[in-house]
Each structure stands twice: as structure tokens, then as C-alpha cells.
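First up is the structure itself, then whatever we jot down about it.
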Amino acid sequence: MKSIITAAVLASALVAAPAMADLDLAKKSGCLACHSVDKKVVGPAWKDVAASGADRARLITSISKGGKGNWTAVTGGVPMPPYSPRVSDANIEILADFILGL
Ligand code: HEC
């Protein structure tokens, strides 16, 4: 019984690990100055972005080139700054997938 519990704890730690790594990447990239997973900061809560049904291509464009006008009702019209090439295209895709998976 104890080993089953240990296995379950280990399995959930393994599932949680990639999400933590992605959040760390967001932190290193400076995103958390304006975003949080579940609260509006300057930009929209990333859970709200995931729930909005926005498609992956749009999120990638918003992160790499900046975005404006998609979240005016929430942000009052503040734009999202462009992150390419400060953040690599590969990492921008990782961040977009992380946000969509929230
Ligand atoms: C200076 C503040 C600021 C920073 C830093 C910032 N954002 Fe944003 N972000 C915003 C604002 C404001 C919006 C809403 C823009 C709009 O209305 O379209 C936004 C929107 C978004 C959206 C939704 C885009 C869409 O098309 O719906 C995503 C995804 C996002 N940000 C991800 C990120 C990621 C990833 C980073 C770090 C690489 C980041 N943001 C850094 C302010 C910021």
C-alpha cells in the first residue's frame, strides 16, 4: 500500500515538473512582470487566455510580435510588448503551449 502511494506521489511529481519548468521559463523571460496564471496583472490571466479559445498561431504572433486590442476589455488597451528575438522562437512556442494547456 505504501509503495502504491509513493508511486502515485512520484507520478504526480513527474507530471507537475514540465509545468514548473515552463513557469520558470516565463519568469526568466520577464513575462511574470505583467502576467500571472490565474489573476489579471497588467496583462490578462493566462488561464483566461486559455479559456478564451484563442488559437495557438495567434498567441505565438502576440508573444513574438506583440499584441494589442485582443484584451482591451480586461486591460484598458495596454499593448503586449514583442518578445522576438529576445526569446527564441522555440521558447515562444513552449510558452504558448504552456499557456494553452492551463
Ligand atoms: C509589459 C507587460 C507585459 C509583459 C512583460 C508581457 N505581457 Fe503578455 N500581455 C500584456 C498585455 C497588456 C496583453 C493584452 C494585449 C491585448 O489586449 O491584445 C498581453 C497578452 C498576452 C497574451 C494573449 C495574446 C492573445 O493574442 O490573446 C499572451 C499569450 C501573453 N500576453 C503572453 C506573454 C508572454 C509569454 C510573455 C513573456 C514572454 C508576456 N506575455 C509578457 C502585457 C505583457
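What the table below lists for this structure:
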read-out: Qualifying positions in the stretch 55-81 - touching a residue at least 24 places away in the same chain (Cβ under 8 Å) and of a type outside the set (Ser, Thr, Tyr); value: ARG56, LEU59, ILE60, ILE63, TRP71, VAL74, VAL78, MET80
read-out: Index of the failed condition, LEU59 passing every other in (1) within 13 Å of PHE98 (Cα to Cα); (2) of a type outside the set (Gly, Ala, Ser); (3) in a loop (DSSP other than H, G, I, E, B); value: (3)
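Listed here are the residues, each with its yes/no results for (1) over 14 Å from the mean Cα position of the chain (by Cα); (2) near the ligand (Cβ under 8 Å from one of its atoms); (3) at pLDDT 95 or above; (4) over 23 Å from ALA19 (Cβ atoms).
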| residue | (1), (2), (3), (4) |
| --- | --- |
| GLY30 | no, yes, yes, no |
| ALA33 | no, yes, yes, no |
| SER36 | no, no, yes, no |
| LYS47 | no, no, yes, no |
| ASN70 | yes, yes, yes, yes |
| ASP89 | yes, no, yes, no |
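The values are calculated or read from the model by the stated rules, or taken from the named source; none is laboratory data. What you are looking at is a predicted structure, and each value in this text was computed from that prediction instead of being measured. Backbone-built Cβ (ideal geometry, glycine too); neighbour counts: all protein chains shown.
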